[in-house]
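**Q** Dropping the structure in here first, questions after.
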Amino acid sequence: PRLRMDAKPTLTNEEKKNGDQLSIFELLPVDILFIIMNFKPQPLGALLLTSKTLNASVHSFRSFPSHRPPVQSITISKNVALANRNEPCISLRIYRSREADERYQLVESPPDSYRLRHHTSKKEYKGISENDTEFLAKIKNDLGCELNLLNYWMLDNLETAAIHQLFDGMSIKTLSIHLTESFDSNRFLNFLLAKGVKSVEIHIANVLINNPVAFLLKLADICSAISIVQKVVETIPVHSHFLFGVMNVEWKEIFLGMFEKKLTLLSVVNDHYDSYLSQSSCHELIKTLASRDGNHIRFMATFCPISRSYSTRKWQMDNYDIEEEKNDRDGFVFKSWLKMVPISKYVPS
C-alpha cells in the first residue's frame, strides 16, 4: 500500500477510551506498522495474540496478496470422476505453516464435491472440476504471491487453464512433476521461466519429444537444481543403457555439458536401467567436476557397479567429499549410489 504518514491506527472503542494504556507500537500509524511488518513478517502469528489493535493491523496487512506468507506446498493430482459427475476431477492439497493458518482459512468445497481433511496446516479437497474457475479463483485469492513447492501428479502437461489461474502472479521455488511421455517441452520450459523455478524434480517413464538431450541442456540453463527419477517402461528391457527416452549414449558427457550451464546440483535415480552409467564413467565424471573452479557442485546418481559385492567407501578429492554406497536390494532392484558434495556443505544422509 502507498505510504501515508497521517494514517491512524485501527482502535476499538474500548481501546480509544484507554489510549493511555496502549504501547507506543500500537499507537503507530498503520502504514508505519505495515513497513515494520513487511521488514520482519515471521513473528506476525504471535503478534495476532497480543492485542485487538495489532490483531486488526495484521489482518489488514495480510489483505494484500504480496504481504501473505509463502505457501509451503501445493499438490495437484488427477482423480477419477465422481459417481454423480462425468467430468474429470482433481485433488488439491495445500500446506501452510501454522503461523500462516492463524489468519487464512481456505474456502469451503463446492456442494457437489467433498473435503477430506481440515488440519491446522493442511487443507485437502477432492472432486474439484478442472474447469471450476469460480471455486479455484476463491482459493487463488487466499494464496498470496510465493509458493515453496508445487507437486504436479498425473496431470497432462500443465494444460488446464483453470489450474494455471491458481499460479497467476505467483513465484514458485521448486516444481516436482510427473510428466507424460509426449509432454510439450517448450510449454514446460516457458512455465519454469515465467514462475522463476530454480529447482525441478522430474518423474518420467518414456520420452517421445524431439531431442530429449537438447531439452535437458536447456533445462540446465534455467534451473540450478535438477532431479530425474526414471520410472520403468514395459517395452524397455531392464538393465538397458536407457535414461530419459534415450538409448546407448554417453551420459557422462551430457552431464558435464549440463554443469557448464547454470546447473549446480544434479540427482539421477535410475534403478531399473543402471547400465546407463558405469562405475568407471562415474569416477571420470567426478574427477572432471572436482577439477573445475568454484567447488560448489553437488552430484548424486545411481550407477552400474563393476562388481555387485563392493563395499561402501568414502574419500576426498579437491575439496569434495565422495561417497560410494554399497549396493542394497531395494525391492527387486539393486541400488548403488555415488554422492559428491562440497566438504563445507557435506551432511551425511
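Every number in this text was worked out from the coordinates using simple rules, so none of it is lab data. Predicted model only: the values in this text are computed from it and were never measured. Neighbour counts run over all protein chains shown; Cβ positions are idealised from the backbone, glycine included.
**Q** Testing the spin-label approximation: label points 7 Å from Cα along Cα→Cβ at Ser60 and Asn38. State their distance in nm.
**A** 1.5 nm
**Q** Moving on. For Ala301, enumerate residues with amide H under 5 Å from its amide H, sequence gap 5+ or separate chain, H modeled in the peptide plane.
**A** Here Val268, Leu338 satisfy the definition.
**Q** Calculate the FRET efficiency for Lys122 and Lys52 from the Cβ-Cβ distance with a Förster distance of 25 Å, rounded to the nearest 0.05.
**A** Efficiency at R0 = 25 Å is approximately 0.30.
**Q** A follow-up question, please. Lys78 to Lys231: extension gain in nm, 0.36 nm per residue of separation minus the Cα-Cα distance? Walk me through the numbers before you get to the answer.
**A** On the way: separation 153, 0.36 × 153 = 55.08 nm, distance 1.86 nm.
Between Lys78 and Lys231, full extension yields 53.2 nm more.
**Q** Through the Karplus equation 6.51 cos²θ - 1.76 cosθ + 1.60, θ set to phi - 60°, convert the phi angles of region 212-228 into ³J(HN,Hα) values in whole Hz; use x for Gly and Pro.
**A** Per-residue couplings from phi come out as x, 5, 4, 4, 5, 5, 5, 4, 5, 8, 10, 9, 8, 9, 10, 10, 10 Hz.
**Q** For region 274-304, which trypsin sites (Lys or Arg not before Pro) are in a loop by DSSP, counting at most 15 other Cβ atoms within 10 Å?
**A** Qualifying residues, ordered by number: Arg292.
**Q** Treat each spin label as a single point 7 Å out from the Cα along the C-beta direction, and report the Arg292 to Thr133 distance in nm.
**A** 4.5 nm
**Q** Can you tell me how much longer the chain between Ala194 and Ser275 gets when fully stretched, taken as 0.36 nm per residue apart minus their C-alpha distance, in nm with one decimal?
**A** Details: separation 81, 0.36 × 81 = 29.16 nm, distance 3.60 nm.
Value of the extension gain: 25.6 nm.
**Q** Oh, and also: At 7 Å along Cα-to-Cβ for each site, give me the label-to-label distance between Arg187 and Leu208 in nm.
**A** 1.5 nm
**Q** Are any of the pairs Lys231/Lys262; Lys252/Lys339; Lys173/Lys262 more than 20 Å apart by Cα-Cα distance, and if so, which?
**A** Lys231/Lys262
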